[in-house]
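Please read the structure below before turning to the comments.
The numbers here are math on the coordinates, done by the rules we state, and not lab data. For clarity, every value in this text was computed on a predicted model and none was experimentally measured. Here the Cβ positions follow ideal geometry from the backbone for every residue, glycine too, while neighbour counts run over all protein chains shown.
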């Protein structure tokens, strides 16, 4: 048996960062950028108005107040989106909208509310005068060119995961597309003669295929793009066909066919397509795992190598093993850096028994005491076939491989299943 | 001015749960189910084997051990996916794969490892005998029909947000599609003559359109489907055309055009399409907000009413106001129940000054001390035009409207921008 860490290291050493692609920023939420982003422009690009109001020379309005206003001649206006066509002369004002470029000669903006403009909306002529009721500091309501970003400034570093605000920041620089690490295409293959596709009548002695659906959703939650390949029957030909059909994928996930049964074909079929490691990983659930690096048959080489992770067939085992091995692999190929699952320290409410020296990942429901202390209650039956307890859980409470049992009341480390906790 | 709570209540009272649609479970991750899901089948459907091994009668092997094995005649096998075609007679065994239905007459499964089968793989004939080396308890390695789920059991309630495990659970019941609340289509309209589309040369006096991109990404992060309508020029015709083109949307988001400037048209244009409220909301950034309920012009009624939220034009104001008003609205129409933003209590590292009795949402960077105490450091300039500080933040530290300043060192409530915190 190998440790969870050994298995994970082997997987991580054998999955490679995907080749960056140019992608519209509108399709890049959650992706990682593959280049440093440096601004080529100033933001804002020009000195501009922070208010709707009048651009003036501060010396012309010094001391103005409602009882002693200053009168300035209005000589023009600058709408947002147009450039000033006049220079501001002494004792004149130019109307400016928020964001409008400040005319040469002006050093201050007086907002409408501090003028008699409010009384005169829609009646204004460019030749009229305006009364100024306030004398703010020089520079008031003017946003300086480059105040937010100077040309040449690196605003986002390679490796940054894109959020709505950083996508807005890219737009502000005029970038409509950027270099990002793409979402990996992940081929998902279920296997077993006993599997019936949901939505069709259940055959005698059959069960519905679960892993295609739960693993597809997991891959999506990790950021990958699932490719549903279907259910392989328990014969080499059927499985080989689906493996070969997955050659365009960046990662292949199989489930079932990795334990000791007579009809376990995954291992034998994979051998024809590349190198393979068969592991007993010191974890429960999820012990039997296959890892392969495939590049096609000798007679039909693929264009690239594709890693394969063969998960156990039990739905809970498959999901837990995916959480431990597939999630970090997908983070890595997408340029991520946060490989460790988020953990919470909690007080265990039920004992965890470790039967055979494996690391136990017990499905648990986390809650929070009023004092901020987290508690972890086991979510019912821990049988690896019992999916409903996993659906009710938000964490996996860990009993280390070196510990034979964790009694109720002990401290326990809980890995978050969803990487989120709404408590 | 109205309070944040009054504005939010008005929005929430005027957005309606979307009509549920039938959707494949493969496309339903993160959606909320709109029906109780009750199982029509037993899971597992039959008593079945938990191991690869031999189905036996426990009384036939009582006392077996390696020095004193029992010999049973192999009379057949049941592969996973096929039904038993024989009844187990005394002193016989039937080979069963994991998941295979247990033959009538058998009450226990002996795994291969506890027989001499391991030595005989691939050499087996159905007529041969098998040696049994162990005598486990009656019922060992048999999973009973209905052990996980009984027919008639409600396994997911209306209102449940679908996770990978609950999608697997639906698959296990044979459900390939279910009734869910759909993702709302959210029309996004930017406005302003000064806006240039990213990816094209920046016009003189122009800035790049940010809000289309940041709001689109926000809508996507909330679970909605953005519909990019484009940039409205500062004239009634241009804006009216985009509003009218948004009639298929479930929600319309505009930005800019809601403050006091001459070119502010949003309010006037919207009036032709329905009822409208113009608010000064007691918050900073993000004060000027428009809320409308549109149903088309008198001469051209739409098929349905569409709520509209008009956000401020400054990118930071637009995003903060969206966080406060749009996020809960989208949660509601999608059947969600968690409307409040997640909050963290932290120690404030920099003072927050409240200039004018509005609720201040200060962009902040949360960190965690080794002792578990969260700290909130303000993320640089809080000007509503400075988007880079929002991109660097993970929280909005709140200074209440009734408090004139929060000094450094005080306790502060911080709303999570992403609803996630990886600390």
*Between helix A:211-222 and chain A: long-axis angle, C-alpha atoms, 0 to 90°, nearest 10*: 30
*Between segment A:262-321 and segment A:390-423, how many Å separate their Cα centres?*
27
*Determine which chain A residue has its Cβ at minimum distance from the rotation axis mapping A onto B, giving the value in whole Å.*
A:420, 3
*asked:* How much of the DSSP bridge set in segment B:343-416 is antiparallel, in percent, rounded to the nearest 5?
replied: 90
*Sorted from shortest, what are the nm distances separating the label point of residue B:351 from equivalent points in the other copies, each placed 7 Å from Cα along Cα to C-beta?*
5.9
*Considering every residue in A:382-388, what mean count of other chain Cβ atoms within 10 Å of its Cβ is obtained?*
6
*On each of the three principal axes of the Cα atoms of segment B:48-143, give max minus min coordinate, whole Å, ordered largest first.*
35, 29, 21
_Give me the inter-chain shielding for B:360-367: mean count of other chain Cβ atoms within 10 Å, whole number please._
0
*Report, as an integer, the average count of C-beta atoms from other chains found within 10 Å of each Cβ along B:200-207.*
6
_Please list, by residue number, everything in segment A:160-192 whose backbone N is under 20 Å from a paramagnetic label point 7 Å out along Cα→Cβ of residue A:225._
A:161-163, A:176-189
*Go through B:183-189, B:150-156, A:130-136 and give me the packing order, highest mean Cβ count within 10 Å leading.*
B:183-189, A:130-136, B:150-156
_For B:22, B:194, which order do you get if you count the other beta carbons within 10 Å of each Cβ and list the fewest first?_
B:22, B:194
_Over chain A, with a Gaussian network built from C-alpha contacts below 10 Å, which listed residue (A:392, A:14, A:116) shows the highest mean-square fluctuation?_
A:116
_If you take every DSSP beta bridge fully contained in chain B, what fraction is antiparallel? Give it as a percent rounded to 5._
65
*List the distances, in nm and shortest first, from the label point of residue B:151 to the matching label points in every other copy, placing each point 7 Å from Cα along the Cα-to-Cβ direction.*
7.6
*asked:* Only Cα pairs within less than 10 Å get springs; with that Gaussian network setup on chain B, which residue of B:163, B:40, B:71 has the largest fluctuation?
replied: B:71
*asked:* Within a 10 angstrom radius of the beta carbon, how do A:10, B:206 rank from fewest other beta carbons to most?
replied: A:10, B:206
*222 nm mean residue ellipticity, helices alone, for chain B (DSSP H n ≥ 4; -39,500 (n - 2.57); rounded to 500)*: -4000 deg cm²/dmol
*asked:* Under 10 Å, Cα contacts only: if you run a Gaussian network model on chain A, which one of A:160, A:108, A:196 comes out with the highest mean-square fluctuation?
replied: A:108
*Mind checking the full-extension length gain between residue A:410 and residue A:91? Use 0.36 nm per residue of separation minus the Cα-Cα distance, one decimal, nm.*
107.0 nm
_Alpha carbon centroid spacing (whole Å) that separates segment B:66-98 from segment A:71-106_ = 95
_C-alpha long axis of helix A:4-13 to longest principal axis of chain A, angle in °_ = 60
*Three-way shape label, segment A:343-416, alpha-carbon gyration tensor, a/c 1.5*: oblate
*Output the antiparallel fraction of DSSP beta bridges having both residues in segment B:48-143, as a percent to the nearest 5.*
75
*Along the principal axes of its C-alpha atoms, what lengths does chain A span, in descending order and rounded to whole Å?*
97, 60, 42
*Over what distance in Å are the Cα centres of segment B:13-46 and segment B:130-170 separated?*
21
*Taking a label point 7 Å from Cα toward Cβ, how far is residue B:104 from its twins in the other copies, in nm, shortest first?*
10.3
